Amino acid sequence: MRRSLTVALAATLLSSTLTTMSTAAGLSPADFVDPLIGSAGDGNTYPGATAPFGMLAWSPTSTRGDQTSTGAANGYQYDTTRIRGFSLTHVNGAGCNPGAAGDVPIMPFAGDVTSSPTADTTDAVYASNFSHADEAATPGRYRLGLANGVTTDAAATERTAIASLRYPADKPASLLFRTSNSLNGSEDAETHLDPANRTVTGSVLTGAFCGRRANGGVNNRKSYYRLYFTARFDQPFTGTGTWQDATLQPGGLDQTGGEGYATGKDRAGRGSGGYVTFAPGSTVTMRIAISYVSLEGAERNLRAEQPPRSTVDSIAEKTKRAWNTELSRVDVGGGTAGQRIVFTTALYHSFQQPNLVSDVDGRYLGMDRKPHRVEPGQDAQYSNFSGWDQYRAHVQLLALLQPRVAGDFAQSLYNYARQNDGVWDRWVHVNGATHVMTGDPSAATLATFYAMGVRNFDYRGAFDSLYRQATIPRPEGLQDGGCPGQCVGQRPNLAQYLTSHYAPQDVCHCWGGAAETLEDSVADFALGQWARRLGRTKEAAELDARGGYWRNVFNPATGYAQARNADGSWVTPFDPASDRGFAQGSAAAYTWMVPQEVTGLADAMGGKATAISRLDGFFHDASGNWQLKGGGPLKYDPTNEPDIHAPWLYNELGQPWKTQETVRQLVNSVYTTGPSGLPGNDDLGTMSAWYVFSALGLYPRTPGSAELLLSSPLHPSAVLRPAGGAPIRITTSGSGKYVQDVRRNGRPQRDWKLDAGFLRTGGSLDFRLSETPSSWGS
């Protein structure tokens, strides 16, 4: 085994200048992906095998000596080199720790099973160390050599995986199915071993996204999906056994039992699973498939996606081709190998979601926990929607590069809402409404899709549904269940909001009244833009006005967004470094979150000159040095979403050269190669999408719009090839990070933004760069 090709590539070619991604040294785009980027620190990415938008992901579940806590939201932390299995489902970059999924860890064990693996609560026996020198991660394939002597090599399709397990000749060969051991626990599980047919089948009833949060997480300690799996082997079983809690049943064939959703000692030692054994020294091929609908669905998925004569090599090659198709949608030229790796890996992480949840026959599990089929014209049902994060950058990249998937995703969210009594949830995991975060990101997301030309969903029905959510109060909006963090009301205390024109902190029933107001203002602005495009002029005027409600939580006396009470008084004492009234951010960070009305925000601050001065202080310390890596609550935070658009605000404030230098500094210093290469949680591709846009010199202006802001591209050339759309070609001449001028299709582009028509028609953008700031765009 060896570390991934991309790591070696970075080490040997870091200082070299390359040509286009597809021709450099005969390498394909997938060869520039390092799945280990973001796997250390708080990136919460996972390195395992998965296909673009795949349902299944084969990746390790690590352990720090506690079977109920992995130390990472996705089950893998780079500095934890001991694993308790390879699980089948993962969510890229989620922030809760652990977040969700990690279903059905499967552990190759070189030894006899003499006690219940669940009773091994410190993972002292039925786990194994490993070295990163024995790890190789590439798109669609993951190989790992374990210290116990077993080597593993797996490749994934959309809904299946194939794994080769090579056991040492001098030790017993066992394979453990920890069926109940999902990251956050489980309500129930079942395991069935069939020696005659060389199969292991089963399911786990689980869910519980973010279910361990101290601030209301008990609200999500519940089940909402059952994952079914079927595994077939090419070698006979020499033995079987099952376990439940501390009881081991050698020779057993069937077992049930969940772990519950408690934490620590209240869950440790609970759960069920089964094991099979093979002849010592065996090389075993396992083919495995999953379904959220039924065991029969998993079996259909396996038959459809793995031909009988397929091998790990053939499946890996097929999935690599699929990745190359997606990664070729943006082909950058020039730059160092390190820059190429960072860019292509960011694109890879962006295409890991949304995730398929429907089977090959179109069936999926609805939010009402009933089976459904995809709608006419819908290719597939998708899920895993981290709305509060994704609506700021990821959904725009999806709409630009894969509009067909974006439309299916929009229809998927609408399907779920119809199955959920008309409620659109902020954070959808599989078919579960988890209520995580704040605001109404579904409105901003679908309005953005429509603005960017996505039409393959029921956009009129979806608009009507979202408009009802924004205008008709519901009883759960007066509940505090799950608050803060997972408040059940999707438009909390809407009746009061419509009266006050802001979310009062004292009767909010939300995660921070000021944050809720700012988020809802963005959502309503986006809905208003959508309404206008649909010819709904009355609704557009109403929603446009609501898009300005941010003003009602801007306190002129302090110059910051600030929470207010129902009687109109400001919540005091006030500290701009405090998160009182906000969600995962300070007043200093959230104050900039008015992308729909930047000049209005500047006017409220006292004019553009004042706003620019304050923005300068947001990115620099008192001595004028860059402060971009977490300088405290008064400074820019590159690790979280509320202020990630802030570097681009200089464009609209009249000093676009400061956007150019700030974005370039972030691209070059905050995003890097290596496991610590992401600044914070990838949040289902959001941070990665920010990087992709920023490296291209483009960024979405505001949700609900198809306008793009301009800055200086990092690479000398880039070609964007949207699926079914017109290509976009970007070139640069000269050196430096400042834009001297831009030509759009050969004509001067004097504005700092591109109108919506550019995405429809495509064309060329030619940047001339310089070492010193210019007056372009000002």
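For the chain, the longest principal axis of the C-alpha atoms and the axis of helix 312-327 are separated by about 10°. Taking the C-alpha atoms only, the angle from helix 537-546 to the longest principal axis of the chain is near 90 degrees. Given their separation in residues at 0.36 nm each and the Cα-Cα distance between them, Glu296 and Ser735 gain 152.1 nm when the chain is fully extended. Using a Cα distance threshold of under 21 Å, what count of lysine pairs results for the chain when pairs must be 8 or more residues apart or interchain? Total qualifying Lys-Lys pairs in the chain comes to 11. Spin-label model, Thr499 to Thr256: label points 7 Å out along the Cα-to-beta-carbon direction sit 5.1 nm apart.
Label-to-label distance for Ser328 and Ser623 is 5.0 nm, based on points extended 7 Å past Cα in the beta-carbon direction. In a simple Cβ point-charge model (Lys, Arg +1; Asp, Glu -1; nothing else charged), the chain has a dipole of about 1400 debye relative to its Cα centre. Just how far, in whole angstrom, is segment 94-147 from segment 327-371 if you go by their alpha carbon centroids? Each part's Cα centre sits 24 Å from the other's.
Summary of packing: across the peptides 329-338, 707-716, the per-residue average of other C-beta atoms within 10 Å ranks them, highest first, as 707-716, 329-338.
Per-peptide packing, taken as the mean over residues of other Cβ atoms within 10 Å, places 490-500, 125-135 in the sequence 490-500, 125-135 from highest down.
Working ranking of peptides 168-175, 285-292, 394-401, 366-373 by packing, defined as the average number of other Cβ atoms within 10 Å per residue, highest first, is 394-401, 285-292, 168-175, 366-373. The residues neighbouring Arg743, those whose beta-carbon lies less than 9 Å from its own, together hold a net charge of +1 under the Lys/Arg +1, Asp/Glu -1 convention. A simple rule links phi to the HN-Hα coupling: the Karplus curve 6.51 cos²θ - 1.76 cosθ + 1.60 with θ = phi - 60°, which for segment 132-143 gives 5, 5, 9, 10, 9, 10, 9, x, x, 9, 9, 10 Hz, with x for Gly and Pro.
Considering only Ser291, Leu327, Ala410, and ranking their Cα positions along the charge dipole of the chain that arises from unit charges at the beta-carbon of Lys, Arg, Asp and Glu, the one farthest toward the positive end is Leu327. Expressed as a whole percent, how much of the Cα-Cα distance distribution for the chain exceeds 33 Å? Counting pairs separated by more than 33 Å, the tail of P(r) holds 50 percent. Calculate I(q)/I(0) for segment 495-600 by the Debye formula, one identical point scatterer on each C-alpha and no solvent, and give its log10 at q = 0.13, 0.20, 0.21, 0.25 Å⁻¹ to two decimals. The computed values of log10 I(q)/I(0) come out as -0.44, -0.95, -1.03, -1.33. With the Kirkwood sum run over all distinct C-alpha pairs, segment 629-749 has a hydrodynamic radius of 15.5 Å. Among the trypsin sites (Lys or Arg not before Pro) in segment 692-778, those located in a DSSP loop and surrounded by at most 11 other Cβ atoms within 10 Å of their own Cβ are Arg750. In plain terms, the chain from Gln249 to Ser314 could stretch by 19.6 nm, reckoned as 0.36 nm per residue minus the Cα-Cα distance. Placing a pseudo-label 7 Å from each Cα along the Cα-to-Cβ vector at Arg64 and Ser778 gives an inter-label distance of 4.9 nm. Using Cα atoms only, what is the angle between the long axis of helix 513-533 and the major principal axis of the chain, expressed in degrees (0 to 90) to the nearest 10? The helix 513-533 is inclined about 80 degrees to the chain.
Placing R0 at 30 angstrom, the Cβ-Cβ distance between Ala147 and Arg321 gives a FRET efficiency of 0.35 after rounding to 0.05.
Coordinate-derived values only; no laboratory data. Remember, it's a predicted structure, so these values are computed and weren't measured experimentally. Here Cβ is always computed from backbone atoms with ideal geometry, including for glycine, and neighbour counts include all displayed protein chains.
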